[in-house]
Amino acid sequence: MYKNLIPRFVRYVQTETRSNENSTTIPSTQSQVEFAKTLMAELKELGLKEVAYNTDNGYVTATLPSNTAKTVPTIGFIAHMDTADFNAENVNPQFHENYTGKTLVLNKEQNVILSPEDFPNLKNYIGQTLITTDGTTLLGADDKAGIAEIMTAMEILLTDDSIEHGDIRVAFGPDEEIGIGADRFDVAGFNADFAYTMDGGPVGELEYESFNAASAIVTIQGKNVHPGTAKDTMINALKLALAFDAALPQNEVPEKTAGREGFYHLLGLTGEVEEARMEYIIRDHDRTKFEERKAVILSVAEKLNKAYNAERVTVDLNDSYYNMGEIIEKDMTVVDLAEQAMKNLGIEPIIEAIRGGTDGSKISFMGLPTPNIFAGGENFHGRYEFVAVESMQKATDVIVEIARLNAANHA
């Protein structure tokens with residue numbers, strides 16, 4: 001049943017598909033285009049129909065045709081092809097069977113260890129088979145675990161005619177990690193009634209609420225003169241940048257917030273006396289508080305400009321995505337279906353708001369309700385990433401059960 005799941009996953013993660021936020025192409029890297037071509041070939045080989053690659057948005061799509069005479073809603077399953085901003089070349093997955101709960105040495109030469117003291121979540125996987133990195137790269141379970149699970153679930157449905165299902169659409173897209181992959185997603189062309197991204201973490205995750213998100217680029221203009229004659233003349237842009245950040249709520253940052261608490265996050269500060277540049281992201285689950293946070297950023301700039309009697313601080317503020325719960329809460333059928341599927345499989349659903357976003361955040365606002373389901377990985381975006389074989393099997397089972405239950409619920 002799962003015989004091709006892990007070989008697929010290993011093959012996928014060994015293909016480098018890191019996205020590039022500085023690129024102007026779609027997808028942002030040619031490696032994603034090449035990976036899309038291999039996925040197309042595999043989809044065709046499995047027997048899916050309408051396999052296509054959209055050059056306008058970088059998505060591979062395909063259809064598993066219905067095998068029932070019932071009128072059944074069309075479900076979509078979506079995963080992303082790119083990996084995050086960390087070394088993704090020469091990924092060398094390591095297998096640790098019957099994990100004991102002890103520290104794992106990922107790379108002896110570089111003294112890279114995966115320790116339960118640093119990552120208590122390891123204790124949840126005692127007795128299971130873990131797939132880790134070799135300590136020099138990320139793993140790529142985010143989101144190649146999702147791709148492997150969708151592909152394997154389609155294979156199961158194709159080979160087991162006893163599982164009744166309606167039309168199923170699949171999509172593998174680019175550039176999720178740099179936040180632009182879903183911008184051109186073709187909802188009308190995808191032609192599904194609802195969808196799921198297979199892009200979550202541990203077993204049981206079912207997420208239909210995300211952050212509201214914005215970015216802010218703060219540019220600060222200083223005045224540089226010789227320090228020997230600088231009194232009452234010099235304006236140090238770097239000092240002004242520090243003052244700007246100090247004026248924001250100091251406890252409302254990622255390292256001091258959790259749950260539904262929002263934050264301001266200073267991503268970068270560059271510059272010199274003459275000019276400085278700051279990059280922020282702004283996050284909140286509550287739309288009203290989200291708008292208030294943006295207003296705070298603008299008000300700090302305004303106060304500093306008044307203090308200097310000049311427009312020395314400018315803010316370029318742009319929304320990135322919104323809380324998909326605003327859309328999905330209007331009709332919870334898509335969530336209820338996934339929740340029941342998990343319960344049918346003996347999986348306890350973990351329904352929490354994402355402290356982040358997924359492609360579903362944008363796609364839901366495009367008119368296709370798209371909550372997020374676990375793919376199994378943990379410690380994403382770095383050398384400590386891992387996934388359990390058993391978690392991937394359970395995610396595959398959930399996809400199959402959603403398809404079966406969707407058909408069973410309709411006369």
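Within region 178-200, is even one residue more than 13 Å from the chain's Cα centre (by Cα), free of Cβ contacts under 8 Å to residues at least 60 places away in the same chain and surrounded by fewer than 24 Cβ atoms within 10 Å (Cβ to Cβ)? So far as region 178-200 goes, yes, one or more of its residues are more than 13 Å from the chain's Cα centre (by Cα), free of Cβ contacts under 8 Å to residues at least 60 places away in the same chain and surrounded by fewer than 24 Cβ atoms within 10 Å (Cβ to Cβ). Within region 164-177, the residues that satisfy the criterion of being in contact with a strand residue (DSSP E or B) (Cβ under 9 Å, 6 or more places away or on another chain) and open to solvent by 30 Å² or more (accessible area, probe 1.4 Å) are D167, E177. A count restricted to region 1-33 and to residues that are more than 21 Å from the chain's Cα centre (by Cα) and charged (D, E, K, R) stands at 1. In region 121-157, the qualifying residues are those that are closer than 16 Å to T103 by Cβ and assigned to a strand (DSSP E or B), and the one that is farthest from the chain's Cα centre (by Cα) is L130. Look through region 252-274, keep the residues that are charged (D, E, K, R) and over 20 Å from R287 (Cβ atoms), and return whichever of them is surrounded by the most Cβ atoms within 10 Å (Cβ to Cβ). Taking the candidates together, the pick is E274. Screening D161 on (1) open to solvent by less than 20 Å² (accessible area, probe 1.4 Å); (2) in a loop (DSSP other than H, G, I, E, B) shows it passes everything except condition (1).
Any residue that is open to solvent by less than 20 Å² (accessible area, probe 1.4 Å) and in a helix (DSSP H, G or I) - is there at least one of those in region 211-230? Among the residues of region 211-230, not one is open to solvent by less than 20 Å² (accessible area, probe 1.4 Å) and in a helix (DSSP H, G or I), which makes the answer no. Highlighted here are the helices (runs of 4 or more DSSP H) found entirely within region 273-386 that include at least 1 residues which are at pLDDT below 95 and polar (S, T, N, Q): 359-365.
Out of curiosity, is E207 touching an Asp or Glu at 6+ places or on another chain (Cβ under 7 Å), within 26 Å of D331 (Cα to Cα) and not hydrophobic (A, V, I, L, M, F, W, C)? It would help to see each step written out before you state the result.
Working: touching an Asp or Glu at 6+ places or on another chain (Cβ under 7 Å): yes; within 26 Å of D331 (Cα to Cα): yes; not hydrophobic (A, V, I, L, M, F, W, C): yes.
When the stated conditions are applied, E207 passes them.
Applying a threshold of 6 Å to beta carbon distances and a minimum spacing of six or more residues, or different chains, the list of pairs starting in region 19-33 at a residue that is farther than 15 Å from N57 by Cβ and ending at one that is open to solvent by 70 Å² or more (accessible area, probe 1.4 Å) is empty. If the condition is being assigned to a loop (DSSP other than H, G, I, E, B) and open to solvent by 60 Å² or more (accessible area, probe 1.4 Å), then region 231-241 contributes K231, D232, M234. Of the strands (runs of 3 or more DSSP E) that lie entirely inside region 1-120, not one contains 2 or more residues that are within 18 Å of E385 (Cα to Cα), open to solvent by 30 Å² or more (accessible area, probe 1.4 Å) and of a type in the set (D, E). Within region 249-267, residues that are of a type in the set (F, W, Y) sit with their Cβ atoms under 7 Å from residues that are modelled with pLDDT of 95 or more and open to solvent by 60 Å² or more (accessible area, probe 1.4 Å), at 6+ positions apart or across chains, in these pairs: F263/E252; Y264/E252. Scanning region 242-251 for residues that are assigned to a loop (DSSP other than H, G, I, E, B) and open to solvent by less than 70 Å² (accessible area, probe 1.4 Å) gives A247, L248, P249. Scanning region 344-364 for residues that are farther than 20 Å from K394 by Cβ and in contact with a helix residue (DSSP H, G or I) (Cβ under 6 Å, 6 or more places away or on another chain) gives D359, K362, I363, S364.
Summed over region 126-149, residues that are among the hydroxyl-bearing types (S, T, Y) and either open to solvent by less than 10 Å² (accessible area, probe 1.4 Å) or within 24 Å of Y196 (Cα to Cα) (or both) total 3.
Looking for whichever is among the basic types (K, R) and either buried (at least 18 other Cβ atoms within 10 Å of the Cβ) or closer than 22 Å to D186 by Cα (or both) here; the options are K343, K303, K362. Which one fits? The unique qualifying residue is K362. Being surrounded by fewer than 18 Cβ atoms within 10 Å (Cβ to Cβ) and either of a type in the set (A, V, I, L, M) or on the phi < 0 side of the Ramachandran plot (or both) is a property that T152 lacks. Of the set (1) over 22 Å from the mean Cα position of the chain (by Cα); (2) within 25 Å of E255 (Cβ to Cβ), all apply to Y321 but (1).
The values are calculated or read from the model by the stated rules, or taken from the named source; none is laboratory data. None of the values given here were measured: they were computed from a predicted structure. Glycine gets a Cβ as well: all are built from the backbone with ideal geometry, and neighbour counts include every protein chain shown. Note: areas computed on protein heavy atoms with side chains; ligands, DNA, RNA excluded. Shrake-Rupley method; radii C 1.70, N 1.55, O 1.52, S 1.80 Å.
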